[in-house]
Every structure is written in structure tokens, then in C-alpha cells.
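**Q** Okay, here's the structure, questions in a sec.
The values are calculated or read from the model by the stated rules, or taken from the named source; none is laboratory data. Values in this document were obtained by computation on a predicted structure and should not be read as measured data. Cβ placement follows ideal geometry from the backbone for every residue including glycine, while neighbour counts extend to all protein chains displayed.
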Amino acid sequence: MATWREVEQDAPQFAARVRARFDAGTNKTMASLRRDGSPRISGTELVFEPERITLGMMPDSLKLHDVLRDPRVAIHSPTLEPPAGQPSDWAGDAKLAGTLVVTEPTSADSPGTSSFDLRLHEVVLTYIDPDNTHLVIESWHPGRGWERISRL
């Protein structure tokens, strides 16, 4: 597992573009695992701090129960539609996957809020190439670093 700082140090331009996708809107989508192992999708907010990514959850929320039982999550950036006729003008979308680690709430958190750091095992950015012919997938993984592939 890696911290956000490790991604920024290893692939700063990639990290900046991923963060821009997440900063494009307040509401992100988080997938967690229910007690029976099936997926749950929930809205969430997160904060990119200088060295880490943090998020909080309301007391007794279903997603809080999920992550306390199984801390593995995937988080998707706000979804913005590609422009009609010129998909390469789309900034793309970003995804984070990893494990949530319980931390102490900050003074800015609402009373009773549970706070977490996200430890990363995958960071992904997808977009359309300038020729509008390929989907470009950039990713970062601990131990492998940054990679880029294109698909027709």
C-alpha cells in the first residue's frame, strides 16, 4: 500500500491530473463491500492533503459499517460526460483503489464522524487520445510505478 505522497513523488504530472479530476466536483462515488460480499455504492467526499488522502463517514452509516468490517474500497471521481463530437476534449475520469485506515478525527470533522486515510494499491486515469481513436489508460501501482496503455 502507498500514500498519496508516494504517487506524487514518483509520477507528479500524472498525480496532478488525477487530482484535478477528483477536484472537478464535490461528490465522488465509493464502492465498499457489504457483509455478504456484494458491492455497495455510496456518495462520498475526500480531501487531498499534502501527504495523504482523507475522508470521513457519518456515525452508523452503512458504508461505515462496511469499511470497519472490510476496509477495501474503490473511489471514482465526479463523472463528467465527454463533449459531443469531440471526445478528446473530455478531461477523462480517475479512480483510486485501496484500503482505508482509521485515523483520529480533526477539529474540522463533525462530532461522531469517523476519519480515514486511504492507502493506495491502484490509481487510474482514463481519457480519449487527441485523434479520437483510442481510450488511454494511465495507472500507478506500488512497486510498478506509472504505466500508459491505449485501447481501440
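**Q** Name the residues in segment 95-145 that are surrounded by fewer than 16 Cβ atoms within 10 Å (Cβ to Cβ) and over 24 Å from N27 (Cα atoms), would you?
**A** D129, P130, D131, N132, T133, H134, L135, G143, R144, G145
This table checks each residue for (1) at pLDDT 95 or above; (2) closer than 26 Å to R148 by Cα.
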| site | (1), (2) |
| --- | --- |
| M1 | no, yes |
| R5 | yes, yes |
| R21 | yes, yes |
| T26 | no, no |
| P39 | yes, no |
| G43 | yes, no |
| E49 | no, yes |
| I53 | yes, yes |
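**Q** Right, something else. Pull out all pairs, ordered by first then second residue, where Cβ-Cβ is under 6 Å, the residues are six or more apart or on different chains, the first lies in segment 67-88 and is under 24 Å from H134 (Cβ atoms), and the second is charged (D, E, K, R).
**A** H76/K95; S77/R21; S77/D93; P83/D89
**Q** Being surrounded by 12 or more Cβ atoms within 10 Å (Cβ to Cβ) and in contact with an Asp or Glu (Cβ under 6 Å, 6 or more places away or on another chain) narrows it down to one residue among S88, S77; which is it?
**A** S77
**Q** Among the residues of segment 25-47, write down those that are in contact (Cβ under 8 Å) with a residue 40 or more places away in the chain and surrounded by fewer than 16 Cβ atoms within 10 Å (Cβ to Cβ).
**A** Of everything in segment 25-47, those that are in contact (Cβ under 8 Å) with a residue 40 or more places away in the chain and surrounded by fewer than 16 Cβ atoms within 10 Å (Cβ to Cβ) turn out to be G25, T26, N27, T29.
**Q** Taking segment 52-79 only, how many residues are within 16 Å of the chain's Cα centre (by Cα) and more than 21 Å from E122 (Cα to Cα)?
**A** Residues that pass the stated criteria total 1.
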